[in-house]
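The values are calculated or read from the model by the stated rules, or taken from the named source; none is laboratory data. Quick caveat, the model's predicted, so the values are computed rather than measured. Cβ: placed from backbone, ideal geometry, glycine included. Neighbour counts: every protein chain shown. The area values use the complete protein model at the heavy-atom level, side chains included, leaving out ligands, DNA and RNA. Shrake-Rupley method; radii C 1.70, N 1.55, O 1.52, S 1.80 Å.
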Amino acid sequence: MRNLKLLKCLSSVELQSPGSPQCFSVRTDTGSLLISSQFSITEYDPPTGQVLNEVSLTSEDYLPEDGQGVVVGIQDLPDQESVCVATSRGDVVLYNLSTNQLECVGTVDSGLTAMSWSPDQEVVVFCTGQETIILMTKDFEPITEVDIHQNEFGEGKFITVGWGKKETQFHGSEGKQAAQKKAPAVPWDDRRPRITWRGDGQLFAVSAICPQTGARKVRVWNRECVLQATSEAVNGLEQPLCWKPSGSLIASSQRHPNKHSVVFMEKNGLLHGDFTLPFAKEKVKELLWNSDSSVLAVWLEDMNPGEDGKLQLWTVGNYHWYLKQSLHFGNDPLKAPACLCWDPEKPLRLHLLTRAWASYTYDWGWCTDRSPGDDSQDNANVAVIDGDKVLVTTFRQCVVPPPMCSYELQLPAAVNMVTFHSQPQRTNELAALTADSRLHIYGRGSLVTVSEWKDSTGYTVNFPLPCVHTALCTINGQVEVNIFALILYIFSFIYVASNVSSFVVYDEFLLLTTHAHTCRCLHLATMSLKDLKAALSSEATQNDESTRRVERGSRIVTVVPQDTRLILQMPRGNLETIHHRALVLAQLRKWLDDLKFRDAFECMRKLRINLNLIYDHNPKVFLENVETFLNQIDSINNVNLFLTELKEDDTTKTMYPNPASAACQSASASGADGKKKVDTICDALRSAMETLDPLKFCLCILTSHVRKTTPELEIALQKVHELRVNPPSEKNAVSAEEALKYLLFLVNVNELYEHSLGTYDFDLVLMVAEKSQKDPKEYLPFLNMLKTLEPNYQRYTIDKHLKRYKKALHHLSKCGEEHFTEVLNLVKDQRLYTEALQLYPAESQQYKMLSVAYAEHLVEQQQAEQAGLLLWRCGEMPRALQAFVSCTSWRHALAVAVHIPLPPEQLAQLARDLDCEEAISALIEGAAWEEALRLIYLYSRQDIAETHLKPALLEAHSNQLTFLESQKTLFTRHKNRLVVVREQKEKARLELLDEDGPDCADAELYSEASSVLTGSRIGSKYSQSNSRISSPDLSLIQNLWDVLEKALCKEIHSLLKALVLFQFDTLASSLQTNYSELLQLIEKGIPEIWQEGLQQGQTPITGPNSTANSIMASFQQPRPSAVPQQDAEILIRPKMRQSVKWKLCMLK
């Protein structure tokens, strides 16, 4: 749906040369024109209007001086820096552009009628006056010569399958005579042959008059001049012949009795499509394809002398041919075209010479003429030029594939340009410029004025290059930018990107397609020029909403304003409507900000956008307008759809990050009360629905219960139960059956069956069970059994089946004393002691029995003191005393003993035993293993060794292993860090010396302490961060010293002996090994940490025996800064005491 827009027309004054142009060629390296006439060869430069070279062809008798000579072909040969010219007299002349010399490289006695070079300029084809074809190399060495008119069809001859001849087939109303009728060539045919090459240079076609029939025939030859095919007889076939460069079609023209057509042939000579020319009195002089095969130029001449010549440019899309440009050259014969050709380098540049030697260079560009409005009143119009019609498609209403349209405008002449009104509210109006230079306006008929284009500062906008497509936009809210052409530049002509195939500016977005087959949508309001350039030059990230893959060759047609639709056209011409993610999200955010929930919901549902965005975009606003949301949606199904899609993830951070996210509140910040997102939304919607109309939103309320993080199935089933008990009287109200059916859609039926049991409503259970896949034999006996039970015991049985043990205990406690045994068993199995004690009075027997059971459980859990308290308060004094004694709680034990009361002798013995046990426990707790063993055997309390000592030894072993591993890690980390700190200090010292040089008078002052100097350059560099350079390494040395002190403990030896005594040899061996490794690590690291000279003073080595070199060396040695007195002792290298014997020889 593109039109050809004339960007520039460069015209030159008429040259003062004899004769008239006969043919010309474009010099590819300079762009100048090489023109041949009846008298000379001229090199002309159109931009400057200068004649660069000129040589006469008559002076050396290549052409006659009477002006009757004809040049049949001219070709620029850049490899040879020459021009090849063929004359009708048979001479082939090379004109050297460097030396201005003419050379005749060959002559054909019978004369030449045509010349054509292959696209690669390796071979050349000549047609002679004897109607033969001569094939030569580029050095003009003959390859072969054959007759043009061959009796054979060629190597591509068709195979007959017995379907009869064409003459015997049906021929419509004309009858069979039409198949035998052979019409001769048209009278205005110049009867000269035409040669055209295929783009790859492997085939060429020749059109010539057949001597037998007088009609034109086209023959296709290969590169070795072997005939491949001969065209079928085509009545009215005319002289133009041009092979499409990128294709297999050969274009020619055909005159019918009632129409004039451009026809296409395949390489086998058969016709393949055509289109009708919109005239009847003109004759087609030539057909010319441009270099990329996108435009076909039709050169016309009127058959009546004195009438104007015409040039038409045709394009094809979706198998329809459009007339895009029509040029008229007036009635003056001298202004009529004499010759024309397309530029070989620039596909849309056309060169034309008139008979009066005037030169015209036309530059066209592709553009899409669309309405520029950005409001909802704009219909997203796109106008397509098709001859004397303008095809208008309104994409807001419908997407009509070309060549169809919404409506068409018929004009009196061919249209060359169309544009839409740029004023807001009037962008649906358009104007069309026709080939007769008339302007046709379709609108309110306002006065048309032309004014300069100025920017916001009042300066006139000028461009250094012709612009195919321009658009104004604002980047980052500050810079006004003009974007133009398919290579993007900005207003100050800063290069931005070169891989752009089409673009459009809409609202705050720049949408463009690239040659990498992507469609980008860039948010200009949040980007700077630097960001824009970076975005176009980099690949998109995974969740980048600005990028979308599109079909190869896709181009933007238009954007529907205030909508999400982007219209693309494929290379073959068909249209596709896409909803670019960035456009969709931007429009959704606008709707949500304006509280247009219905529009946003419908769009998200249609385009499969996650509905969580409705809440995540601005949680606070959504929660404040929940009723508005429900009133706008007004659909039970849509509300349920919204609820079922809820997730805890914040889509504005994961799926749809907002370019301006700072302006929006995050979903994670909205739950000030700590509730989860899904629960917050479900509760808010349910509250609003129960307020608005609980009967209408019954199913939605059920959904809000089921969709919570912890599904409230019991509440949902209870509501179904209420509907069954009290059915609503309203006509359209939801019944219990419908509600249950809907619940079964949301929840697994087996899970719902289990929860329905929890309602204790057997009718509801049966309703659910009937919807499940359960066999009635599975659940009916169970339900029948439950119905026979007492209500409380019935509920206990159900709760126990559902593993709701707390509820089961509550119901079982109401079943009477005969079921207390079951209560006690349930409490013990599920450890519901605390809950059970709350169900019975403190003075009851059941309470006492539960307390005793709880106390037994606490004793098993090593909580004997708490067990004693329980037994004490429920009156079980002997058992309470036993519990207190077992945990050495001597105060409680003595109090209970007095309360029992015990005899004085037993009470005294109890006191002595408790005192001994307490002492042993304290020694074990203090890791005094040997003393604890002494008391154990002194008082014959070997039981304590089993209950207290051995567990304590195992725990001490585990703790010591953990401690040793941590000390190893700490020592290694601090030592490595100390090495790094020292290296950094040395590097800093050397940098200081390098900066001031060794010749500085104060160089000896620059040591590690130089950073404390104030007011100097060195001091300013280091004093802020290292006012005391030695503090980092001193701190590390202090930490290493602490590790040493902790490691050299005396507990290991006694612990090893205690472990061996109780036959824990494996554990003792592992402990001894780990401790030995730590000591070895420390001993190896001491020389590296406490280096020699670490405690030396700051004074350099001077005196009568010192030399200059020794003094300088002493200054350059690293010296620590002054160390405080309290830190001096840590600088002394520690020594390992090898005399301490801590290992056990019996351990490996």
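Observations on the structure shown:
Residues are listed down the side, and each one gets a yes or a no for (1) closer than 30 Å to H320 by Cβ; (2) at pLDDT below 90:
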position	(1), (2)
L510	no, yes
K530	no, yes
A534	no, yes
S538	no, yes
I556	yes, no
P571	yes, yes
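- Cβ pairs under 6 Å, 6+ apart, first in region 72-95 and at positive phi, second assigned to a strand (DSSP E or B) and surrounded by fewer than 18 Cβ atoms within 10 Å (Cβ to Cβ): G90/T107
- One residue stands out among those in region 816-856 that are in a loop (DSSP other than H, G, I, E, B) and of a type in the set (A, V, I, L, M): the one that is nearest to L871 (Cα to Cα), which is A842.
- Verdict on Q254 being buried (at least 18 other Cβ atoms within 10 Å of the Cβ), without any contact (Cβ under 8 Å) to a residue 60 or more places away in the chain and assigned to a loop (DSSP other than H, G, I, E, B): no
- Condition met for L641 (under 23 Å from A739 (Cα atoms), modelled with pLDDT under 90 and assigned to a helix (DSSP H, G or I)): no
- Test: residue in region 233-248 that is of a type in the set (D, E, K, R), closer than 19 Å to Q202 by Cα and either buried (at least 16 other Cβ atoms within 10 Å of the Cβ) or out of contact with any Asp or Glu (no Cβ under 9 Å at 6 or more places or on another chain) (or both): yes
- Within region 813-827, the residues that satisfy the criterion of being closer than 14 Å to T797 by Cβ and among the charged types (D, E, K, R) are K814, E822.
Yes/no per residue for (1) in a loop (DSSP other than H, G, I, E, B); (2) at pLDDT below 90; (3) within 51 Å of the chain's Cα centre (by Cα):
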residue: S173; (1), (2), (3): no, yes, no
residue: P187; (1), (2), (3): yes, yes, no
residue: D190; (1), (2), (3): yes, yes, no
residue: V206; (1), (2), (3): no, no, no
residue: V220; (1), (2), (3): no, no, yes
residue: N235; (1), (2), (3): yes, yes, no
residue: G247; (1), (2), (3): yes, yes, yes
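- Selection of strands (runs of 3 or more DSSP E) fully inside region 10-97 by the criterion of at least 1 residues being more than 21 Å from C341 (Cα to Cα) returns 50-56, 91-96.
- Condition check for E714: in contact with a Ser or Thr (Cβ under 7 Å, 6 or more places away or on another chain) and either closer than 30 Å to T680 by Cα or open to solvent by 20 Å² or more (accessible area, probe 1.4 Å) (or both): yes
- Single match in R724, R804 (criterion: in contact with a Gly (Cβ under 8 Å, 6 or more places away or on another chain) and free of Cβ contacts under 8 Å to residues at least 60 places away in the same chain): R804
- Going through (1) open to solvent by 30 Å² or more (accessible area, probe 1.4 Å); (2) farther than 30 Å from Y760 by Cβ; (3) hydrophobic (A, V, I, L, M, F, W, C); (4) at pLDDT 85 or above one by one, C664 falls short only on (4).
- Pair list, Cβ under 6 Å, 6 or more apart: region 369-385 residue of a type in the set (V, I, T), other residue open to solvent by 20 Å² or more (accessible area, probe 1.4 Å) and at pLDDT 90 or above: V382/R370
- Residue in region 260-283 that is in contact (Cβ under 8 Å) with a residue 60 or more places away in the chain, buried (at least 16 other Cβ atoms within 10 Å of the Cβ) and of a type in the set (D, E) present: no
- Tabulated pairs, region 676-690, first outside any helix (DSSP H, G or I), second of a type in the set (K, R), C-beta under 8 angstrom, 6+ apart or interchain: none
- Residues in region 516-540 that are charged (D, E, K, R), more than 14 Å from the chain's Cα centre (by Cα) and surrounded by fewer than 17 Cβ atoms within 10 Å (Cβ to Cβ): K530, D531.
- The lone exception for G573 - which of (1) within 22 Å of D374 (Cβ to Cβ); (2) touching a strand residue (DSSP E or B) at 6+ places or on another chain (Cβ under 6 Å); (3) not in a strand (DSSP E or B) it fails: (1)
- The criterion of at least 2 residues that are open to solvent by less than 90 Å² (accessible area, probe 1.4 Å) and among the acidic types (D, E) is met, among helices (runs of 4 or more DSSP H) falling completely within region 861-976, by 904-925.
- Single condition S756 does not satisfy, out of (1) modelled with pLDDT of 85 or more; (2) part of a helix (DSSP H, G or I): (1)
- Scope region 571-582; condition surrounded by 16 or more Cβ atoms within 10 Å (Cβ to Cβ) and without any contact (Cβ under 8 Å) to a residue 60 or more places away in the chain; matching residues: I578, H579
- The residue of region 783-797 that is farthest from K814 (Cα to Cα), among those that are surrounded by fewer than 16 Cβ atoms within 10 Å (Cβ to Cβ) and charged (D, E, K, R), is K787.
- Residue in region 124-135 that is among the acidic types (D, E), open to solvent by 10 Å² or more (accessible area, probe 1.4 Å) and modelled with pLDDT under 90 present: no
- Of the listed requirements (1) under 21 Å from Q397 (Cα atoms); (2) over 19 Å from the mean Cα position of the chain (by Cα); (3) open to solvent by 40 Å² or more (accessible area, probe 1.4 Å); (4) not charged (D, E, K, R), L595 misses just one: (1).
- Only a single item in (1) open to solvent by less than 50 Å² (accessible area, probe 1.4 Å); (2) at pLDDT 90 or above; (3) in contact with a strand residue (DSSP E or B) (Cβ under 6 Å, 6 or more places away or on another chain) is not met by S20, and it is number (2).
- Residue in region 1088-1098 that is over 13 Å from Q967 (Cα atoms), at pLDDT 80 or above and in a helix (DSSP H, G or I) present: no
- Unmet criterion (only one of (1) outside any strand (DSSP E or B); (2) surrounded by 13 or more Cβ atoms within 10 Å (Cβ to Cβ); (3) not β-branched (V, I, T)) for G106: (1)
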